[in-house]
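Peer 1: Sharing a structure, written as C-alpha cells. Questions coming.
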C-alpha cells in the first residue's frame, strides 16, 4: 500500500488526458465539422437560402463537429485506459492501474473501473441518444458522486471511489 499513487500524479494524468482530448478532439472536430458545415451550407444554397443561412450551417457544423471530435477522442481514451490500465497521461507519468494488491488487473476489471469512473459521461450520452430525461438526472448524480469520490484518494488506501468499487489502485509502472 505504501507504493500506491496519491492525488498529485493521478490529477496530473487526468489533466494531460483532458488537454489531449480537448486539443486532438478540437482538431478532429474542426475537420469533421468543416465537412458537415460545408455540406449543410451547400445544401442550403442549393435550396435557395441566402448566404447567411449557409454561414449559419457552417457554424453549426463546426460546433457539432467539435463536440463529436472530443467525444470520439474521449471514448478512445476511455477504452485505452480500460484495456491497458494506463491512458496517455498515466503513461507519461509512469503510473498504471492494477489490482488493489498491486498485481496486474485483467481487462474486464479495468473496463469496469473506466465504466464506473466515466459513468456520468456514459449516462449523459445514453440520455442524449434515447431522449429519456431521468437518465440525464442519473448522469448528473453519478458525475457528482464520482467527482467527490476522487477525494477518497487522500485516505490511507489512496483509492478513489471508482477504485474502491472495483478493487483497483494506481501504482508506479
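Peer 1: Is it the case that residue 69 is over 13 Å from the mean Cα position of the chain (by Cα) and surrounded by 16 or more Cβ atoms within 10 Å (Cβ to Cβ)?
Peer 2: no
A quick yes/no check of all residues on (1) at pLDDT 95 or above; (2) in contact with a helix residue (DSSP H, G or I) (Cβ under 9 Å, 6 or more places away or on another chain); (3) within 23 Å of residue 12 (Cβ to Cβ):
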position: 109; (1), (2), (3): yes, yes, no
position: 130; (1), (2), (3): no, no, no
position: 149; (1), (2), (3): yes, yes, yes
position: 169; (1), (2), (3): yes, yes, yes
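Peer 1: Please list, ordered by residue number, the helices (runs of 4 or more DSSP H) wholly in the range 78-173 having 3 or more residues that are touching a residue at least 40 places away in the same chain (Cβ under 8 Å) and either touching a strand residue (DSSP E or B) at 6+ places or on another chain (Cβ under 9 Å) or surrounded by fewer than 18 Cβ atoms within 10 Å (Cβ to Cβ) (or both).
Peer 2: 88-93, 107-117, 161-166
Peer 1: Another one. For the range 153-167, how many residues are modelled with pLDDT under 95 and closer than 14 Å to residue 11 by Cβ?
Peer 2: 0
Peer 1: Can you find even one residue in the range 58-79 that is at pLDDT 90 or above and on the phi > 0 side of the Ramachandran plot?
Peer 2: no
Peer 1: Could you run through the range 25-35 and say how many residues are surrounded by fewer than 18 Cβ atoms within 10 Å (Cβ to Cβ) and either without any contact (Cβ under 8 Å) to a residue 40 or more places away in the chain or farther than 17 Å from residue 64 by Cβ (or both)?
Peer 2: 4
The values are calculated or read from the model by the stated rules, or taken from the named source; none is laboratory data. Not measured: the values here are computed from a predicted model. Cβ sites come from the backbone with ideal geometry, for glycine too, and all protein chains shown count toward neighbours.
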